[in-house]
Amino acid sequence: MITRRHHLAVLAAATVAAGSALAQSDTVKIGVILPMTGQQASTGKQIDAAIKLWLAQNGNKVAGKKVEVIVKDDAGVADTSRRLAQELVVNDKVVALAGFGLTPIALATAPIATQSKTPMVVMAAATSSITEASPYIVRTSFTLPQAAVAMGEWAPKNGIKKVVTLVADYGPGNDAEKYFADRMQLNGAQVLEKLRTPLRAPDFAPVLQKARDAKPDAIFVFLPSGQGAQFMKQFAERGLDKAGIKLIATGDVTDDDQLADMGDVALGVVNAHHYSAAHPSAMNKKFVAEFQALNKFRPNFMAMGGWDGMRVIVNALNTTK
Ligand code: PHB
């Protein structure tokens with residue numbers, strides 16, 4: 001709560017700075033930069049749908065003005081995101097930038113937010129250091145250590161004493177590996193091997209073979225949203241489940257959006273995450289039902305970050321008029 005309130009205060013202060021653009025027009029523009037194409041397209045699809053849902057539920061008026069959301073596709077490329085952010089600030093005079101599907105994208109765009117004093121709402125990217133890249137950044141997604149530490153607490157208490165880690169080789173993967181391994185070791189467990197795959201076009205076969213050869217009780221995995229189904233398929237094909245190696249993960253791997261495509265290999269996987277479409281609260285049941293009334297797919301944690309991000313932006317605009 002304290003963190004949320006602090007974030008809202010930061011955002012409100014930043015919105016005051018952007019207030020002159022707001023005063024000149026009957027429309028408030030919000031610039032959303034997402035990977036709508038390319039390897040991370042599922043993240044773009046989820047967040048775009050969640051923003052549309054938020055507007056359908058709450059209307060498109062804020063402080064007496066019309067909200068216009070401009071969605072731009074960066075295809076998951078940091079240089080493109082940075083250029084789009086510049087255009088949105090200079091040409092469209094957006095009062096906030098939002099979206100950001102990958103850590104390198106959020107980091108590359110942060111200087112634009114700082115230089116133009118534009119609030120930047122990170123709805124997806126999850127390396128812990130991102131919020132330090134600009135005083136204008138607020139995040140509505142999560143950080144990998146939040147999920148990885150929970151897993152490192154649970155596993156040793158549930159019979160997992162020897163593990164191999166497997167992460168995507170960039171910011172959030174580094175975070176997940178470090179915080180999970182440290183917590184496992186603190187709890188007396190052994191980390192046999194730390195394996196990594198490239199962010200772009202990963203090949204899981206060689207690392208799965210290495211993981212199998214190490215004979216761990218479990219393999220702990222972080223991969224960015226969108227890679228889970230392909231990984232799970234290869235995990236089963238290589239027979240790790242049959243070899244009695246448990247799969248534990250952050251919820252990015254057992255992504256709600258892809259769960260239906262994973263088959264029986266997903267049964268028995270244990271993950272730690274800040275969101276599940278199955279969470280039984282009244283608020284989440286309503287969110288999922290209304291999301292699915294508008295879309296043919298289940299919302300995942302990216303959708304939740306997008307929906308929350310819209311709430312934060314509109315609340316800040318209402319507060320500052
Ligand atoms: C990131 O690049 O920060 C990222 C992307 C997808 C995830 C988690 C983190 O599921």
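The values are calculated or read from the model by the stated rules, or taken from the named source; none is laboratory data. Predicted model, so just to flag it, every value in this text is computed and none were measured. Counting neighbours? That spans all protein chains shown, and the Cβs are built from the backbone with ideal geometry, glycine included. To get the accessible areas, we keep the full protein, side chains included, count just its heavy atoms, and leave off ligands, DNA and RNA. Shrake-Rupley method; radii C 1.70, N 1.55, O 1.52, S 1.80 Å.
Matching residues to (1) open to solvent by less than 20 Å² (accessible area, probe 1.4 Å); (2) at pLDDT below 95:
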| site | (1), (2) |
| --- | --- |
| MET262 | yes, yes |
| VAL265 | no, yes |
| VAL269 | no, no |
| ASN295 | no, no |
| MET302 | yes, no |
| GLY305 | yes, no |
| MET310 | yes, no |
| THR320 | no, yes |
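Being more than 12 Å from the ligand (Cβ to nearest atom) and open to solvent by 10 Å² or more (accessible area, probe 1.4 Å) is the filter here; which residues of the range 113-130 pass it?
Selection gives THR114, GLN115, SER116, LYS117.
Taken over the range 167-185, the criterion of being within 11 Å of the ligand (Cβ to nearest atom) and either more than 13 Å from THR250 (Cα to Cα) or in a helix (DSSP H, G or I) (or both) is satisfied by TYR170, GLY171, PRO172, GLY173, ASN174, ASP175, ALA176.
Which members of the range 205-246 meet the condition of being among the basic types (Lys, Arg) and assigned to a loop (DSSP other than H, G, I, E, B)? Reasoning before the result, please.
Taking the range 205-246 first, the residues among the basic types (Lys, Arg) are 210, 212, 215, 233, 238, 242, 246.
LYS215, ARG238, LYS242 - these are the residues of the range 205-246 that are among the basic types (Lys, Arg) and assigned to a loop (DSSP other than H, G, I, E, B).
Only one residue in ALA211, ALA229, ALA181, ALA218 is open to solvent by less than 10 Å² (accessible area, probe 1.4 Å), within 22 Å of the chain's Cα centre (by Cα) and not β-branched (Val, Ile, Thr). Which one? When all the criteria are applied, what remains is ALA181. Candidates are the residues of the range 232-252 that are more than 22 Å from HIS274 (Cβ to Cβ) and crowded, with 20+ Cβ neighbours inside 10 Å; the one that is nearest to the chain's Cα centre (by Cα) is PHE235.
Of all residues in the range 136-178, those satisfying the criterion of being surrounded by fewer than 21 Cβ atoms within 10 Å (Cβ to Cβ) and of a type in the set (Asp, Glu) are GLU153, ASP169. Remark: pairs (first residue in the range 212-238, touching a residue at least 12 places away in the same chain (Cβ under 8 Å); second residue aromatic (Phe, Trp, Tyr); Cβ separation under 6 Å; 6+ apart in sequence or on different chains) = PHE220/PHE180; LEU223/PHE231; PHE231/PHE204; GLN234/PHE204. On the given criteria, is ALA49 at pLDDT 95 or above, part of a helix (DSSP H, G or I) and open to solvent by 30 Å² or more (accessible area, probe 1.4 Å)? No. Is there a residue being aromatic (Phe, Trp, Tyr) and either closer than 27 Å to ASP182 by Cα or over 18 Å from the mean Cα position of the chain (by Cα) (or both) anywhere in the range 302-321? The answer is no; no qualifying residue exists. For the range 136-166, residues that are more than 16 Å from the ligand (Cβ to nearest atom), part of a loop (DSSP other than H, G, I, E, B) and touching a helix residue (DSSP H, G or I) at 6+ places or on another chain (Cβ under 7 Å) total 1. Does LEU240 count as in contact with a helix residue (DSSP H, G or I) (Cβ under 6 Å, 6 or more places away or on another chain) and either more than 16 Å from the ligand (Cβ to nearest atom) or of a type outside the set (S, T, N, Q) (or both)? In short, yes. Confirm whether VAL191 is in contact with a strand residue (DSSP E or B) (Cβ under 7 Å, 6 or more places away or on another chain) and either in a helix (DSSP H, G or I) or open to solvent by 20 Å² or more (accessible area, probe 1.4 Å) (or both). Here the answer is yes, as VAL191 does meet what is asked.
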